[in-house]
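Asker: Structure in structure tokens, see below.
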Amino acid sequence: MVKVIMHGCLGKMGQTITRLIAEDDEVEIAAGVDIGKGEGCPYPVFTSMKDCNVEADVVIDFASAKGVDMLLETCVSRKLPCVLCTTGLSKEQLLKVEEASKKTAILKSANMSLGVNMLCKLIQDAVKTLVPAGFDMEIVEKHHNQKIDAPSGTALALADAMNEVLHGEYEYCYDRSAQREPRSKKEIGILAVRGGTIVGEHDVIFAGTDEVVTFSHKAYSKAIFGKGAIEAAKYLKGKPSGLYTMRDVMKVEDEHA
């Protein structure tokens, strides 16, 4: 049994994960952390990680960037593994994540969906074939009108996956409105769309001469991110210090297939 502390338990993702774990015999939530009142929660809720004195195997974090510093400090002091799902972290916070991973296990992913992480693998194969043939690369991401960060962490993760194959030689272009020149060949364009209640859509476009190849992923509910986070928590239990990603979780899935 994997005992979890749900950081951000009263938010939409926290409540989604609470419902999913209630149906999973391998995981249970030992406690939650949130600034709101935890009335009606089936587990104790604390207002901060420092106050949470419940024993657990791993933290699942779906809170906000504001709470990440204290979260990391607590996880390091307690040697508590953490599935870090909050996006929009500053450069300073990303450095703190790396430092924390030297002392406890941290699994960080811009998107917890197994489908999105499979997409990362597929587009890397596409880059190897299509880019040498002269194809241009563009990413279009769409999210609901309440999403704060743009481009999305997932769009950046997709671009990073592509650029990894290209040895980091390509630049990201977020806005062409001020440019009056043809696109650079060594460029990955990223366009963010915000509107309505779109959960999350990502299109990776390879545009060549007289043909276009598009890889798409559409999220129809937040449950896919919750399911991925739970699988990540199962994977992270008992792992030594280090920085892990969903790729590590997927390797285990492949081995069990």
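The values are calculated or read from the model by the stated rules, or taken from the named source; none is laboratory data. Fair warning: this is a prediction, and the values are worked out from it, not measured in the lab. Please note: Cβ atoms are built from the backbone with ideal geometry, for glycine as well, and neighbour counts cover all protein chains shown. To get the accessible areas, we keep the full protein, side chains included, count just its heavy atoms, and leave off ligands, DNA and RNA. Shrake-Rupley method; radii C 1.70, N 1.55, O 1.52, S 1.80 Å.
Asker: For region 114-203, how big is the tail of P(r) above 20 Å, as a whole percent of Cα pairs?
Answerer: 37 percent
Asker: What are the principal axis extents of the Cα atoms in region 123-257, in Å, biggest first?
Answerer: Its Cα atoms span 53, 36, 28 Å along the three principal axes.
Asker: Please give me the summed charge of the neighbours of Glu23: other residues whose Cβ is under 15 Å from its Cβ, Lys and Arg +1, Asp and Glu -1.
Answerer: Around Glu23, the charge tally is -2.
Asker: Contact order normalised by length for region 1-141, with contacts defined as Cα pairs under 8 Å and 6 or more residues apart; what percent is it?
Answerer: 19 percent
Asker: Relative to the first principal axis of the alpha-carbon coordinates of the chain, what is the inclination of helix 153-165, with its axis defined by its Cα atoms, in degrees from 0 to 90 and to the nearest 10?
Answerer: On a 0 to 90 degree scale, this one is about 60.
Asker: Something else now. Taking amide hydrogens as modeled 1.01 Å from N in the peptide plane, which residues meet the under 5 Å criterion relative to Val27, leaving out close sequence neighbours?
Answerer: Distant-sequence amide H within range of Val27: Val2.
Asker: To the nearest 20 Debye, how big is the dipole of the chain about its Cα centre, given +1 on the beta carbon of each Lys and Arg and -1 on that of each Asp and Glu?
Answerer: 480 debye
Asker: Just going by the charge dipole of the chain, with Lys and Arg at +1 and Asp and Glu at -1 on Cβ, which of Ile35, Asn111, Gln93 is farthest out on the positive end?
Answerer: With unit charges placed on the Cβ atoms, the residue in question is Ile35.
Asker: Given the options Phe225, Phe206, Leu243, identify the residue whose Cα lies farthest towards the positive end of the charge dipole of region 201-253 (+1 on Cβ of Lys, Arg; -1 on Cβ of Asp, Glu).
Answerer: Leu243
Asker: With each run of n ≥ 4 DSSP H residues scored as -39500 (n - 2.57), what mean residue ellipticity at 222 nm is computed for the chain after dividing by its residue count and rounding to the nearest 500 deg cm²/dmol?
Answerer: Counting only the DSSP helices, I get -11000 deg cm²/dmol.
Asker: Rounded to the nearest percent, how much of the accessible area of the chain (1.4 Å probe, protein heavy atoms only) is carbon and sulfur?
Answerer: Ligands and nucleic acids excluded, carbon and sulfur give 52 percent.
Asker: Okay, next question. Each residue of region 209-221 in order: what ³J(HN,Hα) in whole Hz does its phi give by Karplus 6.51 cos²θ - 1.76 cosθ + 1.60, θ = phi - 60°, with x for Gly and Pro?
Answerer: 7, 6, 7, 9, 10, 10, 9, 10, 9, 10, 9, 9, 7
Asker: With the convex hull built on the Cα atoms of region 1-133, state its orientation-averaged projected area in nm².
Answerer: Over all viewing directions, region 1-133 projects a mean Cα-hull area of 9.7 nm².
Asker: Now for a separate question. Would you compute the Debye intensity of the chain from its alpha-carbon atoms alone, equal scatterers and no solvent, and pass along log10 I(q)/I(0) at q = 0.15, 0.16 Å⁻¹ to two decimals?
Answerer: -1.09, -1.20
Asker: Heavy-atom accessible area per residue, region 17-98, 1.4 Å probe: how many Å²?
Answerer: 53 Å²
Asker: I would also like to ask the following. Go ahead and set up a Gaussian network model of the chain, Cα springs under 10 Å, then flag whichever of Pro42, Pro81, Pro182 fluctuates most.
Answerer: Sorting by GNM fluctuation, first place goes to Pro182.
Asker: Follow-up. Among the lysines, which fall within straight-line cross-link reach of Lys251, defined as a Cα-Cα distance under 18 Å, with same-chain neighbours fewer than 8 residues apart omitted?
Answerer: List returned: Lys108, Lys121, Lys227, Lys234, Lys237, Lys239.
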